[in-house]
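Q: Just dropping this structure here.
The values are calculated or read from the model by the stated rules, or taken from the named source; none is laboratory data. Computed from a prediction, not measured in an experiment: that's the story for all the values here. When we count neighbours, we look across all protein chains shown, and the Cβ atoms used for this are built from the backbone with ideal geometry, even at glycine. These accessible areas exclude ligands, DNA and RNA; they are computed on the full protein's heavy atoms, side chains included. Shrake-Rupley method; radii C 1.70, N 1.55, O 1.52, S 1.80 Å.
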Amino acid sequence: MTKIKHFLAAAVLLWSFSSCSKVEYTKVDKPAYLRVFNDFNTRIGVENKDEQKPFMCMLIDPEFDKDGVPVGAAIKGDFLDKRDPYAPPYPSHIGSSTSKRNPEYPGKESVPAGPVLNGFDLSSWAQIPSGKHRIIFYYRPMNEIPFFDLEPAVRKNVVVDTTLELGVEEVYTMHVLQTDFTTKSRGIIVRKENFHLLPLSDSMVYVNFYNYSAAGFWSADKSKKIDNYEDGVMRFGIRDDVNIWMSLCKPGGWNTITGYKYAYLGQMKRSIGNGTAPYYSFPLFADAASNRITTDIWQRFTLLVPGLDPERIPYGDRDSYVDGQYGLLALYGNGARQTFERGGLFLPSMIINIHSGTYNPRSFATVNTLEVVNGTAYLTTIQRRYPKPVY
């Protein structure tokens, strides 16, 4: 079996709580780097029509009037919508739409962006002052009125309120999310990233896994969940403890590369508290037939409860209810759904193909994170700098 390399990721910290404006963006001295995702992906339907719509504003170091209404903040992340399934390795949201809805922070916000740090592009992270900060997320109406222009009574609906310390030139990914499916409790995870500190090879593709699903989600009766048919067999949730199997494939169907059919990686355990996640890797040019300039392989991850054999699972029917025992993630080209495998959740490939130097395209390895949240999965890709195209 192919040897899979791994590295330990940094610790994850959790805070969970019951529940004329000023925003100034200036030069940031001794910055920390922050990226924020809204992981509230519950669909609002007849079954849960009384729940808050997951549309938010984030305030860092807010100011309040005498009635406790926020009237300013050192940093504001407004119109924070549910995250997209794919977070690309560059700030793609700026100028990409006329809507103010923002699928992440900084996303569309015009703020000082992170630099290239140890070869990794941090332009999707915002620079904020390091040190101690109070961070509050508020529910807000789904309109285009800026948060501080809303009626005072509307500006007091707190999602979560916490204080944390951010280190100088440290890289953080923050998630605001549901922590318990039954009680509807809410919390924040702040993951201190370490990909920029590890001795990662530019000829290897890296990926790690987190299950940030709310406690009790997979075991709850499926009638209490909104059926997102496009998420395939794992749409009602995956169990809290699963094994991860990786297959690398050529386009055109289930054509696996020698040595990479159901390679065992490790385990993924549900955790919204402290924890670490290993990075696993595979060669960029795992396909021996490639010209070592471009490659068209795609990745397939099979999530199975311990004891299940990936060779014996009846894949391909996303209509079946599998009781959280397995899930399929197929990272195929541009993420388009493939007809030959109906049970998988499809995301873009972890290999970037782009015009670079005299080659169009050229393939590049990346560092990736796959996060499972309440019946769906999200891919975040980080890239190194690569040579500009030559025309």
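Q: Is there any pair linking a residue in region 213-230 that is on the phi > 0 side of the Ramachandran plot to one that is open to solvent by 80 Å² or more (accessible area, probe 1.4 Å), with Cβ under 9 Å and at least six apart or on different chains, and which?
A: 216/182; 216/183
Q: Name the pairs: first residue in region 301-312 and at negative phi, second residue part of a loop (DSSP other than H, G, I, E, B) and open to solvent by less than 50 Å² (accessible area, probe 1.4 Å), Cβ to Cβ under 8 Å, at least 6 apart or on different chains?
A: Matching pairs, first to second residue: 302/262; 302/313; 303/238; 304/313; 305/324; 310/262; 311/262.
Q: Still on this structure, please answer the following. Read through the list (1) polar (S, T, N, Q); (2) out of contact with any His (no Cβ under 8 Å at 6 or more places or on another chain); (3) open to solvent by less than 40 Å² (accessible area, probe 1.4 Å), then give the number of the only condition that residue 110 fails.
A: (3)
Q: Quick check on my filter: what residues within region 177-201 are among the hydrophobic types (A, V, I, L, M, F, W, C) and farther than 17 Å from residue 224 by Cβ? Let's see the steps before the verdict.
A: Filtering region 177-201 for residues among the hydrophobic types (A, V, I, L, M, F, W, C) gives 177, 181, 188-190, 195, 197-198, 200.
Correct list: 177, 188, 189, 190, 195, 197, 198, 200.
Q: Taking the conditions exactly as written (under 22 Å from residue 381 (Cβ atoms), open to solvent by less than 30 Å² (accessible area, probe 1.4 Å), assigned to a loop (DSSP other than H, G, I, E, B) and at pLDDT 95 or above), does residue 238 satisfy them or not? Talk me through it step by step, then tell me what you get.
A: On the way: under 22 Å from residue 381 (Cβ atoms): yes; open to solvent by less than 30 Å² (accessible area, probe 1.4 Å): yes; assigned to a loop (DSSP other than H, G, I, E, B): yes; at pLDDT 95 or above: yes.
For residue 238, the condition - under 22 Å from residue 381 (Cβ atoms), open to solvent by less than 30 Å² (accessible area, probe 1.4 Å), assigned to a loop (DSSP other than H, G, I, E, B) and at pLDDT 95 or above - is met.
Q: Mind counting the residues in region 238-294 that are within 19 Å of residue 341 (Cβ to Cβ) and of a type in the set (S, T, N, Q)?
A: 3
Q: I've got another one for you. Tell me which of these residue 378 doesn't satisfy, since it passes every other one: (1) part of a strand (DSSP E or B); (2) open to solvent by 10 Å² or more (accessible area, probe 1.4 Å); (3) more than 15 Å from residue 238 (Cβ to Cβ).
A: Failing condition for residue 378: (3).
Q: Output the number of the condition that residue 43 fails; it satisfies all remaining conditions of (1) assigned to a loop (DSSP other than H, G, I, E, B); (2) modelled with pLDDT of 70 or more.
A: All conditions pass for residue 43, except number (2).
Q: Next question. Inspect all residues belonging to region 301-317 and state whether any of them is of a type in the set (Ser, Thr, Tyr), over 30 Å from residue 221 (Cβ atoms) and within 22 Å of the chain's Cα centre (by Cα). Spell out the reasoning first.
A: Quick first cut of region 301-317, residues of a type in the set (Ser, Thr, Tyr) only: 302, 315.
Filter once more, so that each one left must be over 30 Å from residue 221 (Cβ atoms): none.
No.
Q: Something else: Please go through region 158-206 and pick out each residue that is surrounded by fewer than 18 Cβ atoms within 10 Å (Cβ to Cβ), closer than 15 Å to residue 119 by Cβ and not hydrophobic (A, V, I, L, M, F, W, C).
A: Scanning region 158-206 gives 169, 194, 199, 201, 202, 203.
Q: Yes or no: residue 189 out of contact with any strand residue (DSSP E or B) (no Cβ under 7 Å at 6 or more places or on another chain) and aliphatic (A, V, I, L, M)? Steps first, please.
A: Working: out of contact with any strand residue (DSSP E or B) (no Cβ under 7 Å at 6 or more places or on another chain): no; aliphatic (A, V, I, L, M): yes.
Taking the combined requirement at face value, the residue does not satisfy it.
Q: Within the group 264, 260, which residue is in a strand (DSSP E or B) and either within 21 Å of residue 379 (Cα to Cα) or in the same structural domain as residue 387 (by TED's automatic domain parsing) (or both)?
A: Details: 260 fails: in a strand (DSSP E or B).
Matching residue, one of 264, 260: 264.
Q: Being assigned to a loop (DSSP other than H, G, I, E, B) and over 24 Å from residue 42 (Cα atoms): is that true of residue 336 here?
A: Against the criterion (assigned to a loop (DSSP other than H, G, I, E, B) and over 24 Å from residue 42 (Cα atoms)), residue 336 does not qualify.
Q: Given the criterion open to solvent by 30 Å² or more (accessible area, probe 1.4 Å) and either in a strand (DSSP E or B) or at pLDDT 95 or above (or both), identify the matching residue among 314, 306, 387. It would help to see each step written out before you state the result.
A: Numbers: 314 fails: either in a strand (DSSP E or B) or at pLDDT 95 or above (or both); 387 fails: either in a strand (DSSP E or B) or at pLDDT 95 or above (or both).
After ruling out the rest, the residue left standing is 306.
Q: Regarding region 340-363, can at least one residue be identified that is outside the structural domain of residue 184 (by TED's automatic domain parsing), under 28 Å from residue 40 (Cβ atoms), open to solvent by 40 Å² or more (accessible area, probe 1.4 Å) and assigned to a loop (DSSP other than H, G, I, E, B)?
A: Taking region 340-363 as the starting set, the residues that turn out to be outside the structural domain of residue 184 (by TED's automatic domain parsing) are 340-363.
Adding the requirement that they be under 28 Å from residue 40 (Cβ atoms) leaves 342-350.
Then drop every residue that is not open to solvent by 40 Å² or more (accessible area, probe 1.4 Å), which leaves 342.
If we keep only those that are assigned to a loop (DSSP other than H, G, I, E, B) too, we end up with 342.
Within region 340-363, one or more residues are outside the structural domain of residue 184 (by TED's automatic domain parsing), under 28 Å from residue 40 (Cβ atoms), open to solvent by 40 Å² or more (accessible area, probe 1.4 Å) and assigned to a loop (DSSP other than H, G, I, E, B).
Q: How many residues are open to solvent by less than 40 Å² (accessible area, probe 1.4 Å), part of a loop (DSSP other than H, G, I, E, B) and small (Gly, Ala, Ser) if we restrict to region 278-294?
A: Selection size over region 278-294: 2.
Q: Evaluate the following for residue 283: is it of a type outside the set (A, V, I, L, M, F, W, C), within 30 Å of residue 199 (Cβ to Cβ) and at pLDDT below 95? Steps first, please.
A: Numbers: of a type outside the set (A, V, I, L, M, F, W, C): yes; within 30 Å of residue 199 (Cβ to Cβ): yes; at pLDDT below 95: no.
The answer is no for residue 283.
Q: Okay, moving on. Go through (1) assigned to a helix (DSSP H, G or I); (2) open to solvent by 30 Å² or more (accessible area, probe 1.4 Å) one by one and return the number of the condition residue 252 breaks.
A: (1) is the only condition that residue 252 fails.
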